[in-house]
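Contents: one structure, followed by commentary.
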Amino acid sequence: MNVLIDKFDVFAGGFWLTFQICLLAAIGALILGAVVAVLRISPVPPLRAVGTAYVTVFRNMPLTVVMFFSVFALPALGSNADFLRVPGLDAIFTRLGTDLPYFRFCLIALVLYTAAFVCEALRSGVNAVPAGQAEAARSLGLTFGQNLRYVVLPQSWKASVVPLGSVIIAMIKNSALIGFFGVVGDLSQTADQLTSAEGYAFVPVAIGISLGYLIMTVPLGALLDRIERRQAVAAR
């Protein structure tokens, strides 16, 4: 178990890199998922079809396949995938010390994949709002966008918080794949480095890696339990 102390800096570096990509992926997935959710409930049939197709494809496709296409197919579409470079994001990556070529591609894969589940979590919250609320808003002359902004989404948010939290927890665990797709230094790649390259025993290294993921997921799970209990009390 000395590896947990001797290589603490390595574990800390892996945790920090994993935390970065999880935070950025969560923000991106929440934004994209909200957009797709709006498409899914849009009164315009073509927009609903686009949202439904997106969810159907990414919700039923393994994350490994999504990452494979993101990491190996996207760069083939352009020289070094320059069209994917966003100056603001690149500056953030550089500032965080993660200006890595595959960091961007794995982040895109996590966002695309998780957004489908975020969409369904938000849509479940929208479905929990009584239909009469939306009908009353339409009778008052509110447009679809105003109906969503002022009536439906504020009420659906409470019903969506717990499912959204579960989606983010699942995304944090899914991020363990990024180390196998070129992102050097994350928790999963750290485990491979310590066991394969440096010869440390697998069990203590796995314990250290597991602790890193637990630090990110357990507090979030506890927060969700607290929110769920408060909602149950308020509903009585």
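Quick notes on this one:
- The residue list A201, A206, A128, A121 contains one member that is within 26 Å of the chain's Cα centre (by Cα) and more than 30 Å from S42 (Cβ to Cβ), which is A206.
- Any hit, the range 207-215, residues being among the β-branched types (V, I, T), modelled with pLDDT under 85, assigned to a helix (DSSP H, G or I) and within 22 Å of L4 (Cα to Cα): no
- Contacts under 7 angstrom Cβ, first residue in the range 187-202 being surrounded by 13 or more Cβ atoms within 10 Å (Cβ to Cβ), partner outside any helix (DSSP H, G or I), 6 or more apart: Q189/V183; L194/K7; L194/Y200
- All conditions but one from (1) open to solvent by 20 Å² or more (accessible area, probe 1.4 Å); (2) on the phi < 0 side of the Ramachandran plot apply to L110; the one that does not is (1).
The values are calculated or read from the model by the stated rules, or taken from the named source; none is laboratory data. Since we're looking at a predicted model, the values are computed, not measured. Quick reminder, even Gly has a Cβ in these numbers, built from the backbone with ideal geometry, and neighbours come from all protein chains shown. For accessibility, only protein heavy atoms count, side chains too; no ligands or nucleic acids. Shrake-Rupley method; radii C 1.70, N 1.55, O 1.52, S 1.80 Å.
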